[in-house]
Amino acid sequence: MPSTGPRTRAVRVRRQLPTSPWLFAAPGLLVIGAFILYPFVSTLVNAFTDRRTLIPGEFVGLANFRELLHDDMFWIGLRNSALYVLGVVPALVILPLLLALLVQKNIPGITFFRSAFYTPVVASIVVVGLIWVWLLDERGLVNSLLETIGVGRVGFLSDQWLLLMSAMAVTVWKGLGYYMIIYLAALANVPRELHEAAAVDGAGAVRRFVTVTVPAVRSTMALVGALSSVAAFKVFSEVYLMAGPSGGPAGEDTTLVMLVQRTGTGLTGRVGYASAISVVVFVVTVALMLLVLRADRRSES
């Protein structure tokens with residue numbers, strides 16, 4: 001009979017090691033390849049073709065990107081996406097930090113408030129968007145209250161700029177709880193001795209916040225800034241639900257991702273042109289992340 005001692009079993013284990021990790025990783029790699037890598041490469045390839053939904057298309061070089069330069073709707077979408085970043089990111093960097101400071105203390109009932117602040121995060125964006133549409137409609141609750149106090153009805157969903165700011169408010173309201181949790185984890189690592197030393201030196205609450213808390217969580221603020229910048233530039237659901245498929249009055253509230261959806265879908269969708277817009281969105285989001293992270297490194301140095 002062949003030997004089955006410890007040495008033989010060790011040899012078998014060593015022979016199995018090179019392939020075993022790949023077998024465990026294979027399901028995850030297949031999912032990543034099928035739903036991330038393949039669509040990414042396909043989008044890059046399609047951006048240089050005139051492909052339509054039912055027509056394979058041919059290679060056209062940079063024609064789609066040259067067309068972008070003369071497309072008024074593209075520049076409207078780029079403007080709105082950039083404004084969305086400028087309006088949402090500062091609020092999502094500062095407000096969740098202040099909220100985390102409020103709920104950080106262990107006092108009776110604080111768990112309820114933590115859960116309440118986090119509830120919008122787990123709620124469906126479709127449900128949240130519809131609720132806000134009902135609230136801000138011409139005959140909604142907010143306008144009814146404004147009319148009661150004599151202000152009059154406000155066109156939150158009919159005015160170009162008010163609609164965009166309303167969508168920003170929804171994004172901030174829904175994201176507060178998510179980034180609050182990130183800040184809570186960062187604040188838990190701030191040494192209490194630093195606050196005590198600053199208090200002994202006569203620093204008040206505001207000064208301790210500026211000189212102790214902010215420097216201690218600066219890297220977390222950069223992370224929140226990068227995440228919220230990418231999410232804000234790729235905004236779709238909030239604006240789509242509140243402005244409709246047309247993108248508000250005359251399409252003036254259309255964002256870049258909405259333009260991708262409108263251009264590249266349907267039986268006659270211009271997949272190649274929509275892919276070119278998607279490439280621009282990808283390049284800008286990567287640039288935003290790099291700028292935020294580089295600014296954080298400079299501030300630390």
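Below is a table of values for the structure above.
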quantity	calculated
Distance in nm between pseudo-label sites at Ala295 and Trp173 (7 Å out along the Cβ direction from Cα)	2.7
GNM flexibility winner over the chain from Asp72, Asp159, Asp137 (Cα, springs under 10 Å)	Asp72
Accessible area (Å², per residue) of the chain, counting only protein heavy atoms and a probe of 1.4 Å	60
Protein accessible area in region 77-266, 1.4 Å probe - carbon and sulfur %	68
Gap separating the Cα centres of region 190-234 and region 86-136, nearest whole Å	19
CD proxy at 222 nm, helix term only [per DSSP H run n ≥ 4: -39500 (n - 2.57); per residue of the chain; nearest 500]	-22000 deg cm²/dmol
Accessible area in the full protein assembly, largest first, 1.4 Å probe, for Glu147, Glu252, Glu238	Glu147, Glu252, Glu238
Farthest toward positive dipole pole in the chain [+1 Lys/Arg, -1 Asp/Glu at C-beta], among Asn143, Val271, Trp22	Trp22
Correct option for volume of the Cα convex hull per residue in Å³ [calculated from the coordinates] among (i) 279; (ii) 224; (iii) 140	(i)
Most fluctuating residue given options Ala63, Ala276, Ala243, as computed from a GNM of the chain linking Cα atoms under 10 Å	Ala63
Student exercise, region 103-176 dipole from Lys, Arg, Asp, Glu Cβ charges, in Debye to nearest 20	360
Cα convex hull volume per residue for region 27-140 (Å³)	238
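The values are calculated or read from the model by the stated rules, or taken from the named source; none is laboratory data. Small disclaimer: the values here were computed from a predicted structure and weren't measured. Every residue, glycine among them, receives a Cβ derived from its backbone with ideal geometry; neighbour counts consider all protein chains shown. The area values use the complete protein model at the heavy-atom level, side chains included, leaving out ligands, DNA and RNA. Shrake-Rupley method; radii C 1.70, N 1.55, O 1.52, S 1.80 Å.
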